[in-house]
Amino acid sequence: MGLLDFLNNEGDKKPVAPATTGTGTDFFGNSAQPADAAAAGTSYTVVSGDSLSKIAKNHYGDAAKWHQIYEANKAIIGSNPDHIEVGQELTLPSI
């Protein structure tokens, strides 16, 4: 069966799904996770002395990105971004 035979076969065959390596990536090293999981970001537990800008500086390399952390965690933090508490579990969004 040649390439043209496959193309002329009126769609009765479907493409094969990419194989995974068992490590969360496909053969080419691409993430096998759904886009939603990747967009969700990582989890971070607030420790003593933390601030959103300090967390942003450590995680993203830019303290000014604290706004993204705050927007992703408004329901947990509340209306005052300066008031985070030790032990709070924050989501650090993928940027």
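The values are calculated or read from the model by the stated rules, or taken from the named source; none is laboratory data. Keep in mind it's a predicted model, so treat the numbers as computed, not measured. Cβ atoms come from the backbone with ideal geometry, glycine included; neighbour counts cover every protein chain shown.
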Name every residue in region 36-93 that is in contact with a strand residue (DSSP E or B) (Cβ under 9 Å, 6 or more places away or on another chain), part of a loop (DSSP other than H, G, I, E, B) and surrounded by fewer than 12 Cβ atoms within 10 Å (Cβ to Cβ), in order of residue number. VAL86, GLY87
I need the full set of residues from region 67-95 which are more than 13 Å from SER53 (Cβ to Cβ) and over 22 Å from the mean Cα position of the chain (by Cα), in order please. GLY78, SER79, ASN80, HIS83, GLU85, VAL86
Condition set at pLDDT 95 or above and in contact with a Leu (Cβ under 7 Å, 6 or more places away or on another chain), scope region 40-54, selection farthest from SER94 (Cα to Cα): answer is VAL46
